[in-house]
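Worksheet for the structure shown next.
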Amino acid sequence: MNTADAVAALRGRLDVQRPVAAIVLGSGLGGLARRIDGAQRVPYAEIPGFAPAHVAGHEGALIHGTLGGREVLALAGRFHVYEGHPMAQSAFPVRVMSALGAPVLVLSNAAGGVRRTFRPGQLMLIRDQLNLTALNPLVGPVVAGDVRFPDMSAPFDESLRALAREVAGAVGVPLEDGVYAGLTGPTYETPAEVRMLERMGVDATGMSTVAEVIVARAIGMRVLGITCITNPAAGLSHQPIHHDEVIEVTAKAAADFERLVEGVVRAL
Ligand code: HPA
C-alpha cells in the first residue's frame, strides 16, 4: 500500500485538477454517481494498493467528474474490516484522494437507528463518532507526513455541518444530528449490545466510516459524515435485520441524500 503508486496510476488515467471533495458512497447510496457529469471510472482492481470490493450494493470503482459544477472524486465501494481487510487498508483510499488534492471528505453510510425516534430513511448528520472496533488504522510505524498522536477533538467539521444543515433546509430534506458508532461486524448487534450503545450516547450503529475519519483527520482533511438510517437497531423492533432491506431503504432515501450532497458540494 503505497500512496504514491496509486496516485501515479490514477493521474495516468484521469485528468485530476483541483477536486473540491472526495465522496465515499455507502451501501445503496451509489446512485449519486449517476449525478456526476463527465464521469470517468477506474475499477479498484486497476489501482495499486486497492483490493476488489465485493459486497452487494458496492460497485468497486473510483470515479472522477463534476457534481453540481464542481470537480469531485468519489468511491463506489469500500474495504470493510469484516471482509478481512486490515483497518489501514480500509482507509487507504482516503489517503489517495487526499494526495490527489481533495481537501474535504464526505462520508456516507447505512446504519441501524439506536435513537428510538429514528425511522428508516432518516438522514443523520454525524456530530461525533465512537470507534468500537478495538482497532485503529494508524497503529504501526508513523506514515510519512502523519503525526504520531492526532487530535480527535473535532472529528467532524463544524462549518461543513452548518453548511449541510443550511442546504438540507433549503432543499427540504429532514436532517437530524447524532453520534455514529462503528463496530467491525459482520454480525448485526444483539439487543443487549444496542442497549449498551444507547447508554453510551450512540444514535446510529454501523460497520464502516470510523477508520476513514481517523485517517482523514490525521492527514488534515475536513470531514462531513452523513448516515442513512435503514432499520431500527436490534431489539428496537420485532423484525430481524436483513442486508437486502438495508439496500432497499437506502435506495428510497437516495434522492434526499443525493440532493443534500450535491447542494453541499456546489457550495464548497
Ligand atoms: N447495525 C449495523 N450496521 C448496519 C445496520 C445495523 O442495524 N443497519 C445497516 N447497517
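Values quoted throughout were computed directly from the atomic coordinates according to the rules given, and no laboratory measurement underlies them. Computed from a predicted structure; not experimentally measured. Virtual Cβ from ideal backbone geometry, glycine too; neighbours counted across all protein chains shown.
Which value in nm describes the separation of the simple spin-label points at Ala144 and Lys252, placed 7 Å from the Cα toward the beta carbon?
About 5.1 nm separates the two model spin labels.
Based on alpha-carbon centroids, what's the gap between segment 76-130 and segment 132-210 in Å, whole number please?
Taking the Cα centre of each part, segment 76-130 and segment 132-210 sit 8 Å apart.
Viscosity 0.692 mPa s, temperature 37 °C: what is the translational diffusion coefficient of the chain from Stokes-Einstein with a Kirkwood Rh over Cα pairs, rounded to a whole number of µm²/s?
Working: Rh = 18.3 Å.
The estimated diffusion coefficient comes to 179 µm²/s.
If eta is 1.002 mPa s and T is 20 °C, what Stokes-Einstein diffusion coefficient results for segment 1-128, Kirkwood Rh from Cα pairs, in µm²/s?
141
Taking R0 as 30 Å, what's the FRET efficiency between Ala267 and Asp15 from their Cβ-Cβ distance, rounded to 0.05?
0.80
Search the structure for amide H atoms under 5 Å from the amide H of Leu105, placed 1.01 Å from N in the peptide plane, and list their residues when 5 or more places away or on another chain.
So Leu105 has HN proximity to Ala22, Arg222, Val223, Leu224.
Sequence-distant or interchain residues sharing an amide H contact under 5 Å with Ser27, placed H: which?
Ala110
Among Ala45, His80, Val213, which residue has its Cα positioned farthest towards the positive end of the charge dipole of the chain, with +1 placed on the Cβ of Lys and Arg, -1 on the Cβ of Asp and Glu, and the dipole taken about the Cα centre?
Positive-most Cα among the choices belongs to Val213.
Enter the mean projected area of the convex hull around the alpha-carbon atoms of segment 137-268, in nm², rounded to one decimal. Each step should come with its number before you reach the end.
Working: hull surface 38.9 nm².
Over all viewing directions, segment 137-268 projects a mean Cα-hull area of 9.7 nm².
Using the Cα centre as the reference, give the magnitude of the dipole from point charges on the C-beta atoms of segment 3-267 (Lys, Arg: +1; Asp, Glu: -1; all else neutral), rounded to the nearest 20 debye. Spell out each step's value before the answer.
On the way: 23 positive and 26 negative charges, 66 e Å.
Rounded to the nearest 20 debye, it is 320 debye.
Expressed as cubic angstrom per residue, what is the convex hull volume of the alpha carbon set of segment 83-178?
Details: hull volume 14.2 nm³, N = 96.
In segment 83-178, the Cα hull volume divided by residue count equals 148 Å³.
Taking only Cα atoms, what is the 0 to 90° angle, nearest 10, from helix 158-171's long axis to the longest principal axis of the chain?
Approximately 70 degrees, to the nearest ten.
When DSSP assigns beta bridges and you keep just the ones with both residues in segment 3-267, what percent turn out antiparallel, to the nearest 5?
Values: 17 of 46 bridges.
Here the share of antiparallel DSSP bridges comes out near 35 percent.
In whole Hz, with x marking every Gly and Pro, tabulate ³J(HN,Hα) for segment 111-125 from phi via Karplus 6.51 cos²θ - 1.76 cosθ + 1.60, θ = phi - 60°.
8, x, x, 8, 5, 5, 8, 6, 10, x, x, 5, 9, 10, 7
Got a sec to turn the phi values of segment 35-43 into Karplus ³J(HN,Hα) couplings, 6.51 cos²θ - 1.76 cosθ + 1.60 with θ = phi - 60°, whole Hz, x for Gly and Pro?
8, 7, 7, x, 5, 10, 10, 10, x
Which residues' amide hydrogens lie under 5 Å from the amide hydrogen of Ala181, considering only partners 5 or more residues apart or on another chain, with H built in the peptide plane?
Amide H neighbours of Ala181, under 5 Å, 5+ apart: Leu130, Asp203, Ala204, Thr205, Gly206.
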